[in-house]
There are 2 protein chains.
Amino acid sequence: MIDIDVTSSTPIYTQIVDGVKEAILKGLLEPGEKLPSVRDMAKLMTLNPNTVQKAYQQLEREKVVVTVRGRGTFISEEYKPRKDEDKMNEVKEIFKKGIIEAFYMGFDKQKILNFVKNLVEEMEGLNKND
Amino acid sequence: MIDIDVTSSTPIYTQIVDGVKEAILKGLLEPGEKLPSVRDMAKLMTLNPNTVQKAYQQLEREKVVVTVRGRGTFISEEYKPRKDEDKMNEVKEIFKKGIIEAFYMGFDKQKILNFVKNLVEEMEGLNKND
DNA sequence: TAAGTGTTCTATTAGTATTAGTACACTATA
DNA sequence: TATAGTGTACTAATACTAATAGAACACTTA
């Protein structure tokens, strides 16, 4: 379900967090849907249960999932978007880094905007075909 | 010259690398210009010289600067854009992460594109006023 | 020669990621 | 009630990285 690159410098639990978010936005995971248990997911991905648990805990902190003791972990019915200043700056810094690197690849303004436009459509496209 | 956030989870040397790249794109640093020596920069930013050196070494690996023994470190006269598949994927992943987080803030496609457009103009705007 | 460069080491400290194992509390079900 | 399946909360060990500290060396410039 989620691609993990163990050679990446991005921590595995972060890759899980990002992967779940991406799957939701693409409509591969729907609100209310149950995620595999910590133990099952760990077996599926041949990881340690604690690594998966760390990812689930972060997802819950971000209100992306809801965990219920003894029942499981579920995709939140409602997204709880954070729009505070810290979050805005976080997103801004991510895009700034992307823009800088894109400039260094020789991309001009229009090429960057097209690049982002294509990516956005790629991610929300599947969502619309529900 | 470069803002360092010691509380950030982004390594300090990475912040220096990004900051130098950003300053170049904004025209605050020009090709051929000399950067402060490892020791001076370390004093300026109250960091260890080795931390600064690590940043300079990475900048040199990326062809952003040229170092000359006994003379100093200089902004490259010509950028050497990397456009290989690995670099493309790296940039793609950065933007994807930004898009996912933006969606979770409630941004729609158009709002994301405007956000990026403004950032791009903010970064290349200064460059054009040379 | 002397001062200012980059370069290359070793070593230490601190923090994080990951794995491993165990135990406990709760829920659902037979 | 008993059992299996959940999430949760610990401790511990290993490995890696970031950052600091200090020293020495090679080169350039004045």
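Put the label 7 Å from Cα along Cα→Cβ for B:E85; what are its distances to the other copies, in nanometres, shortest first?
4.5
Using label points projected 7 Å from each Cα along Cα→Cβ, tell me how many nm separate B:L28 and A:E33, to one decimal.
That separation, rounded to one decimal, is 4.4 nm.
Loop-only GluC sites (Glu not before Pro) in the stretch B:63-96, please: DSSP not H, G, I, E or B, and at most 10 other Cβ atoms within 10 Å.
B:E77, B:E78
Considering only the label points, 7 Å along Cα→Cβ from Cα, what distances in nm to one decimal separate B:I2 from the same position in each other copy, shortest first?
Relative to the other copies, B:I2 has label-point distances of 3.2 nm.
Percent of Cα-Cα pairs more than 17 Å apart in the stretch A:1-70, please.
More than 17 Å apart: 38 percent of the Cα pairs in the stretch A:1-70.
Rg and Dmax in Å for the protein assembly as shown, alpha carbons only: what are they?
Rg then Dmax for the protein assembly as shown, in Å: 20.7, 66.
Near the axis that takes chain A to chain B, which A residue has its beta carbon closest, and at how many Å?
Result for the A and B rotation: A:V116, 3.
Convert 37 °C to kelvin, take the viscosity as 0.692 mPa s, use the Kirkwood radius over C-alpha pairs of chain B as Rh, and evaluate the Stokes-Einstein diffusion coefficient in µm²/s, rounded to a whole number.
199 µm²/s
Report the charge-dipole magnitude of the stretch A:1-84 in Debye, nearest 20, computed about the Cα centre from +1 at each Lys and Arg Cβ and -1 at each Asp and Glu Cβ. The partial results should precede the final answer.
Values: 13 positive and 12 negative charges, 67 e Å.
Here the stretch A:1-84 has a charge dipole of around 320 debye.
Relative to the longest principal axis of the C-alpha atoms of chain A, give the angle of the C-alpha long axis of helix A:109-128, reported between 0 and 90° and rounded to the nearest 10°.
30 degrees
Mind pulling the angle between the C-alpha long axis of helix B:49-61 and the longest principal axis of chain B? Nearest 10 degrees, somewhere in 0 to 90.
70 degrees
Taking a label point 7 Å from Cα toward Cβ, how far is A:R39 from its twins in the other copies, in nm, shortest first?
So the label point of A:R39 gives 6.2 nm to the other copies.
Computed from the coordinates by the stated procedures, all read-outs in this text should not be read as laboratory data. It should be emphasised that the depicted structure is a prediction, and the values quoted were computed from it without experimental measurement. Ideal geometry is used to build each Cβ from the backbone, glycine not excepted, and the neighbour counts take in all protein chains shown.
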